[in-house]
Amino acid sequence: MDVAATLEVRGFATARRAPRMPRPWSRHDAAFLASAVAVLALALLGRLTTVARFDAYPEVHAHTGAATVVLAAGLLAAVLLPFADRKGIER
């Protein structure tokens, strides 16, 4: 009973959380946001221009060509570039 009374005195009985202070975004957060936007834009560009066309019926067929390779390289770069910025996270 004493523990419950102590917790109530310290404010644990109010059932309200302390207000959370928003933290500004770091450059790493911005890099990953830019990466996600770039991946989305490249995926939409590939789909709308039929560069990334894929037919699953009646047989599996993926179109290959220079444009598809460039699109794949762009997607790979957009995914991996945020991990290249290692400055500021050393221990």
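The values are calculated or read from the model by the stated rules, or taken from the named source; none is laboratory data. Only a predicted model underlies this, so the values are computations on that prediction, with no experimental measurement involved. These accessible areas exclude ligands, DNA and RNA; they are computed on the full protein's heavy atoms, side chains included. Shrake-Rupley method; radii C 1.70, N 1.55, O 1.52, S 1.80 Å.
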Practice task
Name every residue in segment 64-87 that is open to solvent by less than 60 Å² (accessible area, probe 1.4 Å) and either acidic (Asp, Glu) or in a loop (DSSP other than H, G, I, E, B) (or both), in order of residue number.
Solution key: Gly65, Asp85
Exercise for the section: Could you tell me which residue of segment 41-63 is nearest to His28 (Cα to Cα), considering only residues that are open to solvent by 100 Å² or more (accessible area, probe 1.4 Å) and not charged (D, E, K, R)? Expected result: Leu48
Problem - Which numbered condition Ala15 fails, given (1) modelled with pLDDT of 75 or more; (2) among the hydrophobic types (A, V, I, L, M, F, W, C); (3) at positive phi - result: (1)
